[in-house]
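*Asks:* Please see the structure below; I have some questions.
No lab work stands behind these numbers, since they all come straight from the coordinates. This is a predicted model, so every value here is computed, not measured. No Cβ is skipped: glycine too gets one built from the backbone with ideal geometry, and neighbour counts run over all protein chains shown.
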Amino acid sequence: MTDELSILGALTAKDGHVTAEALFTSHGWKRCGVGDWAVALRSPSGDLAVRISPFDPVATYTVRLFREAAGTGQVPVLHAHRELEGGAVLTVMEHLLPAEPDQAALFFRALAESTPEVASLAEVIARVLADAHEELPWCDRLDSNPANVMRRADGRLVLTDPFFADGKTLYGSLFTDASVVARIIPAARRRHMFELPLAESGPWDPVGLERMRASLAAADARLS
Ligand SMILES: Nc1ncnc2c1ncn2[C@@H]1O[C@H](COP(=O)(O)OP(=O)(O)O)[C@@H](O)[C@H]1O
Ligand SMILES: [Mg+2]
């Protein structure tokens, strides 16, 4: 497993998400999941997973949660976190398995009620979410998509992807007032924001995509 992490030595901050995925693939890591924001690849030993996102404004908060809630055993063990070119990001975690959707729903209900089994986790989530919301107006609640609860081989449940840069609102705001995104997220941190995998929501329509790009470019030009 430690050996599998040595691959990170080949990555520099100038490498982007495409290069990163190609590098992992060339070392035998295989795609094992894809969401709206990120893809996941499993390591050859099966122990690790790398999550690679072209643009994930909540990634630093997710990493904070994984570190601050590590003692609960209810978040993935985090092995590495690297910022890539243009705001892309990768994390290497323990590999996890899908959980049953009804178990995932119960886990989210327990978190909402802060029941004793998840009270420590709920407390860390509330603390991190409060900071995230201060910086990112689109991030104000948990992403209760059941795919965000996974399980270890022994059945214990783990919260993998808790925070929500509410994509519809964030991207939707580009149609109405792109200056908010332009101001809050520096251009260098959102170079690949239109390259999301969008496996759950489906692709943007090309006309809307061009309008979003154009209004963001105009807002950037006004700001500079
Ligand atoms: N630690 C992990 N082990 C195995 N698969 C994972 C892991 N983390 C994420 N995945 C897979 O990758 C998918 C996308 O990851 P996720 O962090 O939920 O990104 P998104 O922000 O796109 O929803 C998940 O739905 C899951 O299938
Ligand atoms: Mg997810």
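*Asks:* Using only helices, what value at 222 nm comes out for the chain when you add -39,500 (n - 2.57) per DSSP H run of length 4 or more and divide by the total residues, to the nearest 500 deg cm²/dmol? Please report the intermediate quantities before stating the final value.
*Replies:* Values: 8 runs with 88 residues, N = 224.
So the calculated ellipticity at 222 nm is -12000 deg cm²/dmol.
*Asks:* Set the Förster distance to 22 Å, then compute FRET efficiency between Leu78 and Arg127 from the Cβ-Cβ distance, nearest 0.05. The partial results should precede the final answer.
*Replies:* On the way: r = 17 Å, r/R0 = 0.79.
Plugging the Cβ-Cβ distance into 1/(1 + (r/R0)^6) gives 0.80.
*Asks:* If each residue of separation counts as 0.36 nm, what is the full-extension length gain between Ser144 and Ala214 once their alpha-carbon separation is subtracted?
*Replies:* On the way: separation 70, 0.36 × 70 = 25.20 nm, distance 3.20 nm.
So the chain would gain 22.0 nm between Ser144 and Ala214.
*Asks:* Take the Cβ-Cβ distance between His27 and Thr176 as r, set R0 to 30 Å, and report the resulting FRET efficiency rounded to the nearest 0.05. Could you put the intermediate results ahead of the total?
*Replies:* Values: r = 44 Å, r/R0 = 1.46.
It comes out at approximately 0.10.
*Asks:* A further question follows. What number comes out for the charge environment of Ala147, summing +1 per Lys or Arg and -1 per Asp or Glu over other residues with Cβ under 14 Å away?
*Replies:* Values: positive: Arg51, Arg151; negative: Asp36, Glu100, Asp102, Asp143, Asp161, Glu200.
Net of charged neighbours comes to -4.
*Asks:* Multiplying the sequence separation of Glu94 and Lys14 by 0.36 nm and subtracting their Cα-Cα distance, what value in nm do you get? If you can, show how the numbers build up before the last one.
*Replies:* Details: separation 80, 0.36 × 80 = 28.80 nm, distance 2.55 nm.
Once the chain is fully extended between Glu94 and Lys14, it gains 26.2 nm.
*Asks:* Please list 98-104, 16-22 highest first by mean number of surrounding beta-carbon atoms within 10 Å per residue.
*Replies:* Listed from highest to lowest mean packing, they are 16-22, 98-104.
*Asks:* Give me the net charge of Asp131's neighbourhood, meaning all other residues with Cβ under 13 Å from the Cβ of Asp131; Lys, Arg count +1, Asp, Glu -1. Intermediate values should be presented prior to the final figure.
*Replies:* Values: positive: Arg64, Arg127; negative: Glu68, Glu134, Glu135, Asp140.
Local charge sum for Asp131: -2.
*Asks:* Could you calculate the contour length gain from Glu113 to Leu223, that is, 0.36 nm times the residue separation minus the distance between their Cα atoms, to one decimal place in nm? Numbers along the way, then the final one.
*Replies:* Numbers: separation 110, 0.36 × 110 = 39.60 nm, distance 4.33 nm.
Full extension from Glu113 to Leu223 adds 35.3 nm.
*Asks:* How many angstrom lie between the C-alpha centres of the stretch 25-77 and the stretch 86-116?
*Replies:* If you average the Cα positions of each part, the centres end up 11 Å apart.
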